[in-house]
Amino acid sequence: MAGDRRPRPPEALMLLPIDTAPLRFLLTGEPTAVLDYETRLPRTDAAGRPLLRVPVVVTGTGEKRAPAVEVTVPGPLPEVELGSLVAFTGLALRTWSVPGTDGRERSGTSLRADAMDLV
């Protein structure tokens, strides 16, 4: 419908799989719930599992400084301690786009994985 400014969920425009074989992920903080932008309630995936953001530092990228990133993954997650090495299954870079409250399109990228395990 033209001019419809109702919020809609982010649309995945492109999904780029990431080869994690040469990479190592070091847990740098506690996983946190992904919240809906409008309601501030925890978001879930299509299967009803809670979505969590996991902060990690990535080594093996060839960069001089290891990048710090957050990976969104469905829970529940295994018990892990700060500084643990973790592995992600099905890691992908996802582009997204949503209408902003000002009527302009907002877009960005996020890292998503199917699962996280302790190494």
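Set the Förster distance to 30 Å, then compute FRET efficiency between Glu105 and Thr39 from the Cβ-Cβ distance, nearest 0.05. If you can, show how the numbers build up before the last one.
Details: r = 21 Å, r/R0 = 0.71.
It comes to 0.90.
Give, as ranges by residue number, the residues of segment 74-94 whose backbone N falls under 20 Å from the point 7 Å along Cα→Cβ of Thr61.
83-94
If you work out Cα extents along the principal axes in Å from the coordinates, which of [x] 33, 28, 22; [y] 49, 29, 21; [z] 51, 33, 22 do you get?
Step by step, Cα extents along the principal axes in Å for this structure corresponds to label [y].
From the phi of every residue in segment 58-66, what ³J(HN,Hα) in whole Hz does the Karplus formula 6.51 cos²θ - 1.76 cosθ + 1.60 yield, where θ is phi - 60° and glycine or proline is x?
These are the phi-based 3J(HN,Hα) values: 9, 10, x, 8, x, 7, 5, 10, 5 Hz.
Bear in mind that the values in this text are calculations on the coordinates, not laboratory data. Keep in mind that this is a model prediction, so the values were computed, not measured. Using ideal geometry, Cβ is built from the backbone for each residue, glycine included, and neighbour counts are taken over all protein chains shown.
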